[in-house]
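Notes follow once the structure below has been shown.
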Amino acid sequence: MIQTLLNIWNLILKSNLFNFILMLLCLAWIIDYFDLGGALEKGRKSIEDKVNNAKQEHSDALNTLYETQDKEASVDEEAYKIIDKSSKNAVIVGENLLKEAHKQSETYSQTTQKAIDANIANAKLHITNETAEKAVNLAKKHIVNELNKDRNLQIKYINESLENLRNTNVRW
């Protein structure tokens, strides 16, 4: 009896290892299929391009300032306003880009987590069903083997069941 239980336990452990490996392969496929690394790289590249554009705009604004300083003294005040506005715009654009990158990162993270959770639930259900089916089949085989070995066990079990029914307070 204990050997049978150890065999059942051994089958369960082997089944869990197989399903765990299968789950890892599914997860790798999902990551590859949705190209999550590529999408994050694309978002990072987009942000980098926008930051570089903002730096270029800032640089262009500085050039405008230097050209304006060569002109009349009243133009200096106008140049400072342009630079200030460009700097503020660059900061605002940079902050907006960072916010958008963070939102995209969260979206990708949530999508990945949902896919992982769905695969885990599916794997658990499969393992549970497979384990239950194997346990029932193994118990059935064991009972049939025991009854085939000793025909008197069948009569003994029937008598014990009848005796248990008599001892209950249920009336027929």
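Below, the figures for the structure above:
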item: Modelled FRET efficiency - R0 45 Å, residue 110 with residue 80, Cβ distances, 0.05 increments; result: 0.50
item: Residue 60-residue 164 pseudo-label distance in nm [points 7 Å out on the Cα-to-Cβ vector]; result: 8.7
item: Summed side-chain charge close to residue 57 - residues other than residue 57 whose Cβ falls under 13 Å, Lys, Arg +1, Asp, Glu -1; result: +2
item: Relative contact order of the stretch 2-131, pairs being alpha-carbon contacts under 8 Å that are 6 or more residues apart, as %; result: 38
item: Projected label distance in nm at residue 95 and residue 11, using a 7 Å step from Cα toward the beta-carbon; result: 6.5
item: The chain: C-alpha gyration tensor shape, a/c 1.5 cut-off, then a/b vs b/c; result: prolate
item: Sites residue 147 and residue 126 - FRET efficiency at Förster radius 35 Å, r taken between beta-carbons, to 0.05; result: 0.65
item: Calculated FRET efficiency for the pair residue 35/residue 118, C-beta based, R₀ 25 Å, to 0.05; result: 0.85
item: Helix-only mean residue ellipticity at 222 nm for the chain, each DSSP H run of n ≥ 4 adding -39500 (n - 2.57), per residue, nearest 500; result: -34000 deg cm²/dmol
item: Separation of alpha-carbon centers, the stretch 1-68 and the stretch 121-170, rounded to whole Å; result: 48
item: Cα-based helix-to-principal-axis angle, 152-167 vs the chain, degrees rounded to 10; result: 80
item: Extended-chain gain in nm, criterion 0.36 nm per residue less alpha-carbon gap, residue 71 and residue 156; result: 19.1 nm
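Rule-based calculations on the coordinates, nothing more; no lab input. Predicted, not measured: the structure shown is a model, and the values here were computed from it. Virtual Cβ from ideal backbone geometry, glycine too; neighbours counted across all protein chains shown.
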